[in-house]
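Let me begin by presenting the structure, written as structure tokens, before commenting on it.
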2 protein chains.
Amino acid sequence: MRYIIIGAVAGGASTAARLRRLDEHAEIIIFEKGEYISYANCGLPYYIGEVITDRNKLFVQTAASFNQRFNIDVRVLTEVTGIDPGKKTVTAENQVTGDVYEETYDKLVLSPGAGPIRPPLPGIGNDGIFTLRNVSDTDYIKKYIYHKQAKKAVVVGGGFIGLEMAENLHGLGLDVTIIEMGNQVMAPLDFPLAAIVQQHIRSLGVHLYLNNAVTGFEQTDGGLAVNLKSGDVLDADIVILSIGVRPDTRLAAGAGLKIGEGRGIYVNEYLQTSNPDIYAVGDAIEFENPITGQAMVTYLAGPANKQGRICANNIVMGNVQQYHGSINTAIVQVFGMTVGTAGTASKHLKAAGIKHTVSTTSSGSHAGYFPGAKQMTIQVAFSPDNGRLYNAQVAGFDGADKRLDILSSVIKRNGTIDELVEFEHAYAPPYSSAKDPVNMAGFVAENILLGRLNIFYWDETNKIGEDDLLLDVRSPEEYRAGYIGGAINIPIDELRGRMDELSTQKNIYIYCEAGLRGYLAQRILRQSGFNNVYNLSGGYRLWKNCTAETEQNTIEVVC
Amino acid sequence: MRYIIIGAVAGGASTAARLRRLDEHAEIIIFEKGEYISYANCGLPYYIGEVITDRNKLFVQTAASFNQRFNIDVRVLTEVTGIDPGKKTVTAENQVTGDVYEETYDKLVLSPGAGPIRPPLPGIGNDGIFTLRNVSDTDYIKKYIYHKQAKKAVVVGGGFIGLEMAENLHGLGLDVTIIEMGNQVMAPLDFPLAAIVQQHIRSLGVHLYLNNAVTGFEQTDGGLAVNLKSGDVLDADIVILSIGVRPDTRLAAGAGLKIGEGRGIYVNEYLQTSNPDIYAVGDAIEFENPITGQAMVTYLAGPANKQGRICANNIVMGNVQQYHGSINTAIVQVFGMTVGTAGTASKHLKAAGIKHTVSTTSSGSHAGYFPGAKQMTIQVAFSPDNGRLYNAQVAGFDGADKRLDILSSVIKRNGTIDELVEFEHAYAPPYSSAKDPVNMAGFVAENILLGRLNIFYWDETNKIGEDDLLLDVRSPEEYRAGYIGGAINIPIDELRGRMDELSTQKNIYIYCEAGLRGYLAQRILRQSGFNNVYNLSGGYRLWKNCTAETEQNTIEVVC
Ligand SMILES: Cc1cc2nc3c(=O)[nH]c(=O)nc-3n(C[C@H](O)[C@H](O)[C@H](O)COP(=O)(O)OP(=O)(O)OC[C@H]3O[C@@H](n4cnc5c(N)ncnc54)[C@H](O)[C@@H]3O)c2cc1C
Ligand SMILES: Cc1cc2nc3c(=O)[nH]c(=O)nc-3n(C[C@H](O)[C@H](O)[C@H](O)COP(=O)(O)OP(=O)(O)OC[C@H]3O[C@@H](n4cnc5c(N)ncnc54)[C@H](O)[C@@H]3O)c2cc1C
Ligand SMILES: CC(C)(COP(=O)(O)OP(=O)(O)OC[C@H]1O[C@@H](n2cnc3c(N)ncnc32)[C@H](O)[C@@H]1OP(=O)(O)O)[C@@H](O)C(=O)NCCC(=O)NCCS
Ligand SMILES: CC(C)(COP(=O)(O)OP(=O)(O)OC[C@H]1O[C@@H](n2cnc3c(N)ncnc32)[C@H](O)[C@@H]1OP(=O)(O)O)[C@@H](O)C(=O)NCCC(=O)NCCS
């Protein structure tokens, strides 16, 4: 057997290693057009930021070590320029010698990844404008910062990699500005969670332009001028373009393989392309989103690695294992904050026509009485019919990654919010509370699902009319420190004694800091003749983040 | 409706709060024989250790605040001394005034907790010998340490609370000795994981006596003499007895309620005792272990809190929600190390006659190239028939709690190791690796289940005979730094070229540091005519911990 693999990083190297373990005697050739194989793409921003100081650490394997350990013929600096599926050959071009040759295969695996988008803007070819995908890009960026003694950076694109780059450049002492075309950073998140991140970023003195775009670049004496759609012009010593990537489907398309609706290489459930002898994995492929059923692409290392293993199984043992798709679980550290998502965001559920309810809660990372607890926000989206969990988004610090992973595992297997309620976490004071944040998210979702809790959302406060009542049940001190315009204050512990101040005829919109006291107030009122009572999901805290980030803020914030 | 609750901490207070939310107009009385309600039992060791410095933080609610918020009649310092299920009354005794009176109930909830065991040893009544269960115990201990300027502590019992106390006393600067009757600390763990903990404890200069017991205490000039079964006598200024707790079933038994086989109050799946108007929750009850089917008791705050919520639901809405039992997920910080378990340990599965396979892996808390990654050990036990996950044990540092929680959620819903393989974790360098430790545990378990990996265990190395071969596939440097007696060294990367040094007729027992290279070696050999090849589960690292902790160590360790 002769296996050929194109691309020697996350998907390709994983496939190759598993192939060898399953088939000691096959011939395995792996082609890599770059100089390096098996490197840690995900570590590149941190190497630039000098969080990772040893460059060698970026390489999990080298061509030599990979060959030694796995007896794999690694051909670096060799680009595959064509595939002939009829003859079952690939054409390879040695980037150093210029040699062009063919190799035959029994089975071929494509893992060419995705390429960063570099739009044809005026001046894009100027020095100092970079994209980041591989080790060479990294080396260039690092050298450039050093030699130019860069002081000002503009990061174009507020996605995961853009934010990582912003954090790392900020860590190096550069003055950083982020430009994002959308109305929020981190597109896979819904607005409220993005708002939390944005508030955090701004609080650290990083400049953030939303709803804006770069129209071009100009070389100036000192460096670069970055022109924005808004008319603003920013100075920069260095520009990082992180406006997205695109599946690299060139080889596949050239070979006549099917390209799917999501613009990735089409594969079936066995990761087999439209040609049965050619498999594909990683950033370049598309598959069915297990929640929406729509075609999707992930740009994530976890799925790429796992697909590699499945792909190897199917090649050696003959389509034995189905790939069940990815729910796009992703996380990023943003200036010390941890932010992530699993499943399909509410806005995308909406777009796909999937009925769902959103609920937001806020909990400590561990017991409040034990030092160091930090608040985290959890937003879940679930089916109002059967409680199936569609999405979870988390923003916080310590322990936020833990809750995201637990929620991801529930979403992955089509679990419901009952699993959040019953989830049995490991509790001791340094790790959690007697009720974990995941349980709390579940309790609240269950209360909503069963009609015990009626909620309204931060962006509905402006619909509260003259005839309605907005009720703040926090303490007078909290109220004085800032409230939603129009709200009256009756602290929760006084509510039973002051119900005569309220009219049962009105809609009552309650809020507290995070939602708990508002819920208690609602329980009291609804059992006391008040029928139309709503509690603000996520509370004042979330409302404040969101309204602060809403430019067209029509609601009065009184501080 | 009139609800009476006995015990106002984890189980009782949770029941009361939820009762109020569901039923605003019921009369709710809660009796607590102690001075405080709703306190953080779990924080007590840390308050003694001055990790928690503010005593007020131990109280989640006070009698007054609980009354204000929930309109609940809280009667502290009032012990319920009897229940008359026929008359539906309880007899209460005010501990301050001595007043005795009756109250009637419609529904009664028992949450009296468990009491620490204090065996009738000679001298047990001496000053300075404490158990720890509540705030008063804590205050006594704290004062005693301070006034006696205690320098030496003996902790009797190496369970969770014993270890927390040992850590906290050590943190205060005391010289700490732990005495444990069993052959390991932390009885819910299997020996290998306990061995890791023990090695860690010893490395910090804490004295640990295993297989030993206290036979009595004597008052000495300076303090106490603690006599051990071994004949040793230890000096101590203070002794903490943490040898276990027992469900407090006195009231229940007195009322003629059924006490179960596990010595807890018997409840059905609705947390209803043998009397339909009396429910019970918390440390005092027993239920069916969802894995073994045997009666079990948990002494954990998470289950107590969750049972309280379910119990209230069933009382108000009429047995609507089943309690599905607890899988005993527990965690503890031991001198900075994180150790925990979920499900049923291998030794207990064995005792229950449940066929299972154990596998141990070791992974970094996050990507190795990103600073600060720490190794953690994961042991899983699963069904060799269908892969159902029965148990997970984790020991490590950062991120160990996360993996335990994920594994717990799989065990909880009777999941299989396939879920570990497919688990989609949130990956960025500070949080995990492209393959999470949970995935890794799954991959290895799957390989074992499907016969791709044959393993042997650390305690089987002494069965390796003259005709067998013990093969160390680590590097020469690693080998020289310490190997298992009798092993020859062929580094994995040389194996393909040196197979002629091995005989296909022999059983070959391979090991490496943690298991990965041994697995690769096995894959090579088994596909090259070697049929009887085994890989050491957990590798040299686990073996070394275990043998170091095995007194009757018959295997030569060469260093
Ligand atoms: C800066 C950065 C940070 C990231 N951070 C994270 C993160 O934190 N978490 C996460 O999950 N993911 C992260 N990712 C994404 C992750 O790295 C990718 O999802 C993953 O590497 C995809 O694997 P792949 O094998 O499909 O592609 P790649 O890893 O990109 O490998 C494709 C390889 O194929 C080679 N190639 C392409 N065409 C040819 C050809 N014709 N001939 C020969 N060779 C060819 C390319 O040179 C390339 O080396 C990050 C990516 C980047 C760039
Ligand atoms: C030091 C310590 C550390 C712990 N650490 C952890 C941990 O890290 N994680 C974890 O999960 N669990 C931990 N636990 C266990 C946890 O605290 C218990 O599982 C939980 O509190 C049990 O709740 P409960 O309501 O059953 O009992 P308790 O919380 O003990 O409450 C029972 C209450 O009932 C009262 N009572 C009893 N009889 C009567 C009566 N007749 N009349 C009136 N009142 C009565 C008692 O005074 C007591 O206050 C710890 C326990 C201790 C002591
Ligand atoms: C490293 C790389 C070459 C893949 O190699 P790999 O051998 O599949 O992966 P690992 O080294 O993690 O080893 C995993 C294997 O070891 C096995 N293993 C791990 N621990 C083990 C243990 N204790 N005992 C036995 N086997 C063990 C696993 O079962 C798995 O084997 P399997 O797939 O046959 O079941 C590839 O992932 C790579 O190039 N990674 C870097 C690039 C990248 O991913 N970039 C993006 C992220 S930054
Ligand atoms: C605090 C105590 C009285 C219980 O009170 P509780 O009100 O049930 O618990 P919490 O304060 O955590 O609140 C949980 C409730 O708030 C709701 N809630 C939490 N966040 C919310 C939000 N953002 N929006 C709406 N509701 C919210 C939950 O749904 C839950 O209500 P439900 O059970 O009706 O669904 C009790 O747990 C106790 O005494 N604890 C301390 C003792 C103890 O546990 N010791 C052992 C561990 S150290």
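For B:THR53, which of the numbered conditions (1) more than 14 Å from ligand 4 (Cβ to nearest atom); (2) touching a residue at least 24 places away in the same chain (Cβ under 8 Å) fails to hold?
Among (1) more than 14 Å from ligand 4 (Cβ to nearest atom); (2) touching a residue at least 24 places away in the same chain (Cβ under 8 Å), B:THR53 violates only (2).
So which strands (runs of 3 or more DSSP E) stay within the stretch B:200-295 end to end and still have 3 or more residues that are basic (Lys, Arg)?
No strands (runs of 3 or more DSSP E) qualify here.
In the stretch A:384-402, which residues are open to solvent by 30 Å² or more (accessible area, probe 1.4 Å) and either within 12 Å of another protein chain (Cβ to nearest Cβ) or in a loop (DSSP other than H, G, I, E, B) (or both)?
Across the stretch A:384-402, the qualifying residues are A:PRO384, A:ASP385, A:ASN386, A:PHE397, A:ASP398.
Can you go through B:SER242, B:SER274, B:SER326, B:SER346 and tell me which one is more than 13 Å from every other protein chain (Cβ to nearest Cβ) and in contact with a helix residue (DSSP H, G or I) (Cβ under 6 Å, 6 or more places away or on another chain)?
Within the list B:SER242, B:SER274, B:SER326, B:SER346, the selection yields B:SER242.
Return the only residue of A:GLN321, A:GLN307 being part of a helix (DSSP H, G or I) and either in contact with a helix residue (DSSP H, G or I) (Cβ under 8 Å, 6 or more places away or on another chain) or at pLDDT 95 or above (or both).
A:GLN307
(1) farther than 21 Å from A:ALA434 by Cα; (2) part of a strand (DSSP E or B); (3) of a type in the set (Gly, Ala, Ser): which one isn't true of B:GLY340, the others all being true?
Going through (1) farther than 21 Å from A:ALA434 by Cα; (2) part of a strand (DSSP E or B); (3) of a type in the set (Gly, Ala, Ser) one by one, B:GLY340 breaks only (1).
Residue-by-condition table, conditions (1) hydroxyl-bearing (Ser, Thr, Tyr); (2) open to solvent by 10 Å² or more (accessible area, probe 1.4 Å):
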residue: B:GLY262; (1), (2): no, yes
residue: B:LEU271; (1), (2): no, no
residue: B:SER274; (1), (2): yes, yes
residue: B:ILE285; (1), (2): no, no
residue: B:PRO290; (1), (2): no, yes
residue: B:ALA295; (1), (2): no, yes
residue: B:THR298; (1), (2): yes, no
residue: B:ALA342; (1), (2): no, no
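Results for (1) more than 7 Å from chain B (Cβ to nearest Cβ); (2) out of contact with any Cys (no Cβ under 9 Å at 6 or more places or on another chain), shown as yes or no for each residue.
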{"residue": "A:LEU404", "(1), (2)": "no, yes"}
{"residue": "A:SER409", "(1), (2)": "no, yes"}
{"residue": "A:ASN414", "(1), (2)": "yes, yes"}
{"residue": "A:GLU422", "(1), (2)": "no, yes"}
{"residue": "A:PRO430", "(1), (2)": "no, yes"}
{"residue": "A:ALA434", "(1), (2)": "no, no"}
{"residue": "A:ASN439", "(1), (2)": "yes, yes"}
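I'd like to know if the stretch B:22-40 contains one or more residues that are under 21 Å from A:ARG496 (Cβ atoms), within 10 Å of ligand 4 (Cβ to nearest atom) and at the interface with chain A (Cβ under 9 Å from one of its Cβ atoms).
Yes: one or more hits.
For B:ILE315, which of the numbered conditions (1) within 16 Å of ligand 4 (Cβ to nearest atom); (2) within 14 Å of chain A (Cβ to nearest Cβ) fails to hold?
All conditions pass for B:ILE315, except number (2).
What do you reckon, is A:GLY254 touching a helix residue (DSSP H, G or I) at 6+ places or on another chain (Cβ under 9 Å) and in contact (Cβ under 8 Å) with a residue 24 or more places away in the chain?
no
Among (1) open to solvent by 10 Å² or more (accessible area, probe 1.4 Å); (2) within 25 Å of the chain's Cα centre (by Cα); (3) modelled with pLDDT of 95 or more, which single condition is A:VAL60 missing?
Checking A:VAL60 against (1) open to solvent by 10 Å² or more (accessible area, probe 1.4 Å); (2) within 25 Å of the chain's Cα centre (by Cα); (3) modelled with pLDDT of 95 or more, the one that fails is (3).
Of all helices (runs of 4 or more DSSP H) completely enclosed by the stretch B:424-527, which ones contain at least 1 residues that are within 30 Å of A:ASP398 (Cβ to Cβ), open to solvent by 10 Å² or more (accessible area, probe 1.4 Å) and assigned by TED's automatic domain parsing to the domain that holds B:PHE370?
B:437-449
For the stretch A:1-11, which residues satisfy the criterion of being buried (at least 24 other Cβ atoms within 10 Å of the Cβ), touching a Ser or Thr at 6+ places or on another chain (Cβ under 7 Å) and away from chain B (no Cβ under 13 Å)?
A:ILE5, A:ILE6, A:GLY7, A:ALA8
Could you give me the residue pairs with C-beta distances under 8 Å whose first residue belongs to the stretch A:281-308 and is facing chain B (nearest Cβ under 10 Å) and within 11 Å of ligand 1 (Cβ to nearest atom), whose second residue is assigned to a strand (DSSP E or B) and open to solvent by less than 20 Å² (accessible area, probe 1.4 Å) wherever it lies, and which are 6+ apart or on separate chains?
These pairs meet every condition: A:LEU300/A:ALA330.
In the stretch A:85-156, which strands (runs of 3 or more DSSP E) lie fully inside it and hold 1 or more residues that are open to solvent by 50 Å² or more (accessible area, probe 1.4 Å)?
It comes to A:89-94, A:100-104, A:152-156.
Counting just the residues of the stretch B:367-383 that are away from chain A (no Cβ under 11 Å) and surrounded by 21 or more Cβ atoms within 10 Å (Cβ to Cβ), which one comes out nearest to A:TYR431 (Cα to Cα)?
Only one residue fits best here, namely B:MET376.
Quick one: B:SER359 ticks every box in (1) more than 26 Å from B:ILE448 (Cβ to Cβ); (2) away from chain A (no Cβ under 12 Å) except a single one, so which number is it?
For B:SER359, the failing item is (1).
The values are calculated or read from the model by the stated rules, or taken from the named source; none is laboratory data. In this text the structure is predicted, and so the values were computed from the model without any measurement. Cβ sites come from the backbone with ideal geometry, for glycine too, and all protein chains shown count toward neighbours. Each accessible area value is taken on the protein alone, full model and side chains, heavy atoms only, with ligands, DNA and RNA left out. Shrake-Rupley method; radii C 1.70, N 1.55, O 1.52, S 1.80 Å.
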